[in-house]
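Shown next, in structure tokens, is the structure this report addresses.
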Amino acid sequence: MKNIKIKYLLPLIMAFMVLGVFASCDNDEASGGSGGAPVITSVAKSVEGDLVPVKVGDPKNYYIIQGTGLANVTKIYFNDFDTYFNPTMVTDTAIFVLIDEKTPYANSSNKLKLVTKTGTVLYDFVIAPPTPKLESYNSINAAEGEIVTVYGDYFLNPTVKVGTADVPLISSTLTEIKFKMPANATDKYVTVTNISGSTVSEEAIGSALYDDVLQGDAGHWLWNGADTFDTDFKDDKVQGKSSIKFVFGGWNGADMKFNSRNVSKYKAFRVKVKSGSTNTAASVIFVFGGWAYQIKKTITPNWTTIEIPFSDIGNPTTFDQLTLQESGNFGGNTILMDDMGFVLK
């Protein structure tokens with residue numbers, strides 16, 4: 001059984017195929033079970049081709065534990081998590097098992113433990129976390145030396161790059177990383193890596209118009225004094241710690257004036273938007289160039305990313321104002337906006 005070959009691994013035929021593999025193993029081992037103390041010689045991911053021993057396992061994937069004295073297994077633990085196995089997928093020399101998605105990966109023993117009727121064996125084996133989930137970082141427009149916070153999940157022993165440069169961490173937990181912004185970071189992306197892989201930020205450094213504060217704000221005003229404009233709304237957001245909350249009467253709007261920015265290196269305006277109404281007609285008009293360009297977008301009760309290509313609004317080279325108008329035609333709406341800025345070319 002040194003070179004088991006898995007020819008097919010389609011879900012509907014997996015069980016039959018594996019049973020065939022184990023049957024061939026039993027034929028090779030004509031004496032049946034060894035009856036001795038259990039020994040683990042290797043663990044391999046169940047994929048097509050030769051079984052390649054690994055020391056790291058991914059939850060929600062099948063693995064084959066190889067060794068001797070395995071036939072009488074009663075319990076399997078990954079990181080002390082009691083893991084279900086099908087007894088029909090067990091021989092004296094192999095166990096076919098799925099690593100449960102609930103298996104812990106942080107602050108754990110990093111051990112595979114088999115309990116059999118003839119003894120217990122421990123084997124060094126690491127459970128990998130999912131690929132990092134990078135939800136946001138703040139501030140997007142951080143200057144050199146400022147402390148940046150990355151929010152997300154699965155930050156187990158993470159590393160961070162700004163562009164291609166490694167950045168030392170100030171602190172990290174499973175859900176939050178802090179680092180100091182290095183020099184020459186503008187227009188680069190933040191990458192977080194753990195043992196399972198890497199995730200790159202959606203936003204380039206320096207591209208924000210709003211990341212908890214309006215960047216370069218030169219003033220904002222509402223068309224109707226009865227409406228509200230809150231740039232520090234903390235109850236619902238997708239980036240950083242705050243979002244912008246507008247409460248508009250029907251067809252009312254607001255203007256946001258910014259210090260003029262050169263946008264020749266960007267290809268689109270971006271923003272994440274959410275409607276307070278469940279009405280499918282809820283929408284907002286984004287106005288650019290002093291009403292020269294009016295882009296109407298439907299908005300939903302869920303956060304939605306909107307990108308408006310600069311080619312749709314006259315390919316501007318500078319940007320200094322955004323106008324919004326509620327346009328659902330049903331008496332007004334509450335509109336949340338976050339992560340507003342630009343997309344690099």
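The values are calculated or read from the model by the stated rules, or taken from the named source; none is laboratory data. Predicted model only: the values in this text are computed from it and were never measured. Cβ coordinates were reconstructed from backbone atoms using ideal geometry, including for glycine residues, and neighbour counts include every protein chain displayed. Accessible surface areas use protein heavy atoms only, side chains included; no ligands, DNA or RNA. Shrake-Rupley method; radii C 1.70, N 1.55, O 1.52, S 1.80 Å.
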Might you check whether a residue that is open to solvent by 30 Å² or more (accessible area, probe 1.4 Å), more than 26 Å from Tyr189 (Cα to Cα), outside any strand (DSSP E or B) and among the polar types (S, T, N, Q) occurs anywhere in the range 325-336? yes
Please work out if Leu156 is touching a residue at least 12 places away in the same chain (Cβ under 8 Å) and touching a Leu at 6+ places or on another chain (Cβ under 7 Å). yes
Being under 16 Å from Leu214 (Cα atoms) and either open to solvent by 60 Å² or more (accessible area, probe 1.4 Å) or at pLDDT 95 or above (or both) is the filter here, so list the residues in the range 231-241 that pass it. Asp232, Phe233, Lys234, Lys237, Lys241
One residue is enough: does the range 109-130 have a residue meeting the conditions in a loop (DSSP other than H, G, I, E, B), open to solvent by 30 Å² or more (accessible area, probe 1.4 Å) and without any contact (Cβ under 8 Å) to a residue 12 or more places away in the chain? no
Report yes if some residue within the range 72-88 is touching a Gly at 6+ places or on another chain (Cβ under 8 Å) and open to solvent by 20 Å² or more (accessible area, probe 1.4 Å); otherwise report no. yes
Can you pull out the residues in the range 87-108 that are outside any strand (DSSP E or B) and without any contact (Cβ under 8 Å) to a residue 60 or more places away in the chain? Pro87, Ile99, Asp100, Glu101, Lys102, Thr103, Pro104, Tyr105, Asn107, Ser108
I'm checking my understanding of the structure. Among residues of the range 150-174 that are in a strand (DSSP E or B) and closer than 26 Å to Phe81 by Cβ, which one is least open to solvent (accessible area, probe 1.4 Å)? Gly152
What are the pairs, 6+ residues apart or on separate chains, where a residue within the range 246-266 that is without any contact (Cβ under 8 Å) to a residue 60 or more places away in the chain and among the charged types (D, E, K, R) has its Cβ under 7 Å from a residue that is open to solvent by less than 60 Å² (accessible area, probe 1.4 Å) and not in a strand (DSSP E or B)? Arg261/Gly216
May I ask you to verify whether Ile147 is open to solvent by less than 60 Å² (accessible area, probe 1.4 Å) and modelled with pLDDT of 95 or more? no
Test of understanding: among Ala183, Ala165, which residue is in contact with a Lys or Arg (Cβ under 9 Å, 6 or more places away or on another chain), over 21 Å from Gly240 (Cβ atoms) and touching a residue at least 12 places away in the same chain (Cβ under 8 Å)? Ala165
In the range 315-330, how many are aliphatic (A, V, I, L, M) and in contact with a Leu (Cβ under 9 Å, 6 or more places away or on another chain)? 1
Anything in the range 183-214 that is assigned to a strand (DSSP E or B) and of a type in the set (A, V, I, L, M)? List them, or say none. Val190, Val192, Val200, Ala208, Leu209, Leu214
Within the range 291-324, take every residue that is surrounded by fewer than 20 Cβ atoms within 10 Å (Cβ to Cβ) and among the aliphatic types (A, V, I, L, M) and give me the one that is nearest to Lys267 (Cα to Cα). Ile308
